[in-house]
1. Measure out, as a whole number of angstrom, how far apart the alpha-carbon centroids of region B:54-92 and region B:110-132 sit.
2. Could you work out how much longer the chain between B:E115 and B:K137 gets when fully extended? Use 0.36 nm per residue separation minus the Cα distance between them, nm to one decimal.
3. Within chain B, which DSSP H helices have Cα atoms that stretch 15 Å or more along the helix axis and a mean Kyte-Doolittle hydropathy of at least 0.5?
4. When the C-alpha atoms of region A:38-91 are aligned to their principal axes, what extent does each axis show, in angstrom, from largest down?
5. Whenever you get a sec, line up A:T10, B:T101 from highest to lowest accessible area (probe 1.4 Å, protein heavy atoms).
6. Return the average number of partner chain Cβ atoms within 10 angstrom of each residue Cβ along peptide B:113-120.
7. Simple spin-label model, 7 Å along Cα-to-Cβ: A:E123 to B:D124 in nm?
8. Under the √(5λ) rule applied to the eigenvalues of the Cα gyration tensor, what semi-axes describe the equivalent ellipsoid of the protein assembly as shown? Give them in Å, descending.
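The values are calculated or read from the model by the stated rules, or taken from the named source; none is laboratory data. Since the model is a prediction, treat every value here as computed from it, not as a measurement. All Cβ positions, even for glycine, are placed from backbone atoms using ideal geometry, and neighbour counts span all protein chains on display. Note: areas computed on protein heavy atoms with side chains; ligands, DNA, RNA excluded. Shrake-Rupley method; radii C 1.70, N 1.55, O 1.52, S 1.80 Å.
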There are 2 protein chains.
Amino acid sequence: MSIATLQADTLAQRLADSGLRATPQRGVVYDVLLRKRDHPTADEVFARVKAERPTISLATVYNCLETLVSCDLVRTVHFERGPTRYCPNLRPHAHFHDERTGKTHDIDLPPALLEKVKSILPEDYDAKSVEIIFRGKARN
Amino acid sequence: MSIATLQADTLAQRLADSGLRATPQRGVVYDVLLRKRDHPTADEVFARVKAERPTISLATVYNCLETLVSCDLVRTVHFERGPTRYCPNLRPHAHFHDERTGKTHDIDLPPALLEKVKSILPEDYDAKSVEIIFRGKARN
DNA sequence: CAACCAATTGGAATGATTCTAAGGTGCAAG
DNA sequence: CTTGCACCTTAGAATCATTCCAATTGGTTG
């Protein structure tokens with residue numbers, strides 16, 4: 001059973017909540033993101049999806065990714081000068097970008113710290129999201 | 001006296017430290033960044049610089065910005081799907097991106113908090129830099 | 001002065017993303 | 001049902017930001 005099947009109701013649910021349809025393309029794109037959580041680019045997602053659905057177009061992959069983001073099932077990450085990367089991890093987390101390997105790791109963000117970080121904002125600033133990106137090297 | 005003049009020695013110093021020349025183009029680009037700290041894009045910097053140095057090319061602006069970044073006099077900020085933006089604020093700070101106005105504000109980052117944030121990293125992760133981006137609306 | 005390396009320039013090339021127009025799909029009302 | 005319509009997908013063109021390239025200019029050093 002594919003991972004997406006386990007999550008299919010979640011996906012269908014979220015899409016329905018936004019008045020959108022649960023199309024096969026959206027299902028496969030989401031499944032691909034869940035299966036290999038290495039923060040792929042749209043092109044990489046396209047390549048993976050194509051393996052099991054050869055007729056899909058790049059434009060559709062962009063559309064599906066955008067849809068998933070708008071449903072809060074996926075978030076985007078941006079490293080300098082690079083293409084957008086996609087992350088299906090819904091828990092609050094930071095990203096560590098390893099300069100040596102080019103890989104990105106999710107770092108769990110304790111709720112208390114998240115609050116503390118938000119507290120540096122002046123009264124009249126209302127943050128809807130916080131993104132924390134580390135850059136450096138991971139030893140080993 | 002231009003702002004750059006005040007900082008000219010800083011700039012020349014930093015460039016020299018990296019074995020680079022203090023060219024007029026670099027001076028003007030840096031001056032423009034210091035004068036209006038609104039996180040401009042390369043195109044915006046180009047437009048501003050052109051006003052006082054009409055013969056400069058866009059490629060040179062990109063080159064100068066890259067040089068300033070490599071000297072640690074300027075840092076880059078990235079918001080989703082947008083062009084790179086440049087920031088001459090050297091103090092540790094986060095960025096708040098106002099969705100309503102599209103403007104970006106610097107938020108001072110207390111050193112203690114910065115440490116606390118870094119402390120969520122596992123032992124073997126060595127972060128060279130941390131970037132914190134808030135997104136939301138500023139009331140008023 | 002000569003030689004050399006650094007820096008600038010304009011234009012071409014690249015890469016990522018968005019746009020557009022045309023065709024397909026599925027639900028809903030009659 | 002079956003027709004209409006809004007949603008989706010698709011291919012390819014267009015756009016935007018950035019980088020590359022090759023030629024020229026400029027400054028420094030021997």
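1. 24
2. On the way: separation 22, 0.36 × 22 = 7.92 nm, distance 2.68 nm.
Difference between extended and current length: 5.2 nm.
3. Passing helices, by number: B:58-70.
4. Principal extents (Cα only, largest first): 31, 26, 18 Å.
5. Reading off the accessible areas and sorting them downward yields B:T101, A:T10.
6. For peptide B:113-120, the averaged partner shielding equals 4.
7. Distance between label points: 4.8 nm.
8. 38, 22, 19
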